[in-house]
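Novice: Please read through the structure below; I'll follow up with questions.
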Amino acid sequence: MRILAVGDLIGESGLKKAQEVVERIRREENIDFIIVNGENVAEGMGINQKYFNAILSMGTNVVTMGNHTWAKKDIFTFIEHEQLIRPANYTEGVPGKGYVICKCNNKKIAVVNLIGRTEMGVLSENPFVIGRKLIEELKENVDIIIVDFHAEASAEKVAMGNYLDGIATIVYGTHTHVQTADDRILPEGTAYITDIGMTGPKNSVIGMDVKASLKRFVTTLPERYKMADGECIFNGCIFDINDETCQVENITRLYL
């Protein structure tokens, strides 16, 4: 089985880039299952019904979210959609679900969304405690478990990968929008990468306009973020899973 995980879509331009290349990748690379992080697709913050539908139209199986889950108010009209998940360690009782179980090639695949707490500015429960408990429960009923850990700190992501080593099939990071070169199979068999990157404007500050971003950093004065223009990049990873052992045998980083 081959699974494609697509890095954070940044705005409409990032969505268009994904639409341009995902079908080709699926065809040429024999992709069986697609996961897309969509929490930045609506003007850089959040997701709306229009863009959610567009992501699904690419053949996406699961859309994951993050710290901007609630940024667009119409999220509440489709948050319960079976192909959409938000972080499982959000406060108990909020709308939506933190994981989904799908069937693909006679396998049951659980996709779990978690959010970090280090420098994230989001109220959430401990992702290590919630994540481990949830995955321990899921592993009795599924063949493959994939975790999108939406977190700021590399150390928190690396720690999560090691904490879930041997019980999750794949742990990959999102949120920082810069693809890391540390893809590897951990000692107990879990495939790991700190961040799969972003799909959005190349000449930008993680998708945002360079001038607006620099003003904030250089002067410390408030400046409204806006989307960057121009050529886009596509980031993601392909995970090759052995159909007999259900473990990842190879990781291919994509930077197009």
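All of the numbers you see were taken from the coordinates with simple rules; none came from a lab. Nothing here was measured: the structure is a model prediction, and the numbers come from that model. In this analysis, Cβ positions are derived from the backbone assuming ideal geometry, glycine residues included, and neighbour counts consider all displayed protein chains.
Novice: Which aspartates and glutamates, on any chain, are close to residue 50 with Cα under 16 Å apart, when same-chain ones fewer than 8 places away are left out?
Specialist: Residue 50 reaches 12, 39, 74, 80.
Novice: For residue 161, what charge total do you get from the other residues with a beta carbon under 14 Å from its beta carbon, if Lys and Arg give +1 and Asp and Glu give -1? Don't skip to the end; give the middle numbers.
Specialist: Working: positive: 132, 157, 184; negative: 148, 156, 165, 182, 183, 188, 195.
Charge balance near residue 161 sits at -4.
Novice: For the residue pair residue 49 and residue 136, what label-to-label distance in nm results when each label sits 7 Å from Cα along the Cα-to-beta-carbon direction?
Specialist: Rounded to a tenth, the inter-label distance reads 4.1 nm.
Novice: May I ask for the net charge around residue 150, where only other residues with Cβ less than 12 Å from the Cβ of residue 150 are counted and Lys, Arg are +1 while Asp, Glu are -1?
Specialist: Working: positive: 86, 117, 157; negative: 8, 39, 148, 152, 156, 195.
Result for the neighbourhood of residue 150: -3.
Novice: Which FRET efficiency value, to the nearest 0.05, is calculated for residue 123 and residue 210 with the Förster distance at 30 angstrom and r the Cβ-Cβ distance? Provide the component values of the computation, followed by the final result.
Specialist: Numbers: r = 31 Å, r/R0 = 1.04.
Efficiency, from the Cβ-Cβ distance: 0.45.
Novice: Still on this structure, I have one more. Before rounding to the nearest 500, sum -39500 (n - 2.57) across all DSSP H runs of length at least 4 in the chain and divide by the residue total; then give [θ] at 222 nm in deg cm²/dmol. The partial results should precede the final answer.
Specialist: Working: 5 runs with 58 residues, N = 256.
The helix contribution divided over the chain gives -7000 deg cm²/dmol.
Novice: About the Cα centre, and with charges only on the beta carbon of Lys, Arg (+1) and Asp, Glu (-1), how big is the dipole of the chain? Nearest 20 debye, please. Don't skip to the answer; put the middle values down first.
Specialist: Numbers: 27 positive and 35 negative charges, 144 e Å.
Its charge dipole is roughly 680 debye.
Novice: Among DSSP beta bridges lying fully in the stretch 2-255, give the percent that are antiparallel, nearest 5.
Specialist: Numbers: 25 of 51 bridges.
Of the beta bridges lying entirely in the stretch 2-255, close to 50 percent run antiparallel.
Novice: Using alpha-carbon pairs under 8 Å, 6+ residues apart, how would you state the relative contact order of the chain in percent? Kindly include the intermediate steps, with their values, before the conclusion.
Specialist: On the way: 621 pairs, mean separation 48.5, N = 256.
Relative contact order of the chain: 19 percent.
Novice: Between the DSSP loop rule and a limit of at most 14 other Cβ atoms within 10 Å, which GluC sites (Glu not before Pro) in the stretch 95-177 are left?
Specialist: Working: sites: 119, 125, 136, 137, 140, 152, 156; in loops: 119, 125, 140, 152.
Qualifying residues, ordered by number: 119, 140.
Novice: Continuing with the same structure: Tell me, what does the Kirkwood hydrodynamic radius of the chain come to in angstroms if you use every pair of distinct C-alpha atoms? Please list the in-between numbers first.
Specialist: Values: mean 1/r = 0.0554 Å⁻¹.
Every distinct Cα pair counted, the radius reaches 18.1 Å.
Novice: Would you order 80, 20, 244 from fewest to most other beta-carbon atoms within 10 Å of each residue's own beta-carbon?
Specialist: Numbers: 80 10, 20 13, 244 6.
Result, fewest neighbours first: 244, 80, 20.
Novice: Where q = 0.28 Å⁻¹, what log10 of I(q)/I(0) comes from the Debye formula for the stretch 110-178, counting one point per Cα?
Specialist: Per q value, in the given order, log10 I(q)/I(0) is -1.35.
Novice: With the Cα gyration tensor of the stretch 41-162 giving a ≥ b ≥ c as the square roots of its eigenvalues, does the rule (a/c under 1.5 for rounded; else a/b larger than b/c for prolate; else oblate) give rounded, prolate or oblate? Write out the running numbers ahead of the final one.
Specialist: Working: a/c = 1.71, a/b = 1.07, b/c = 1.59.
Oblate, because a/c is 1.5 or more while a/b does not exceed b/c.
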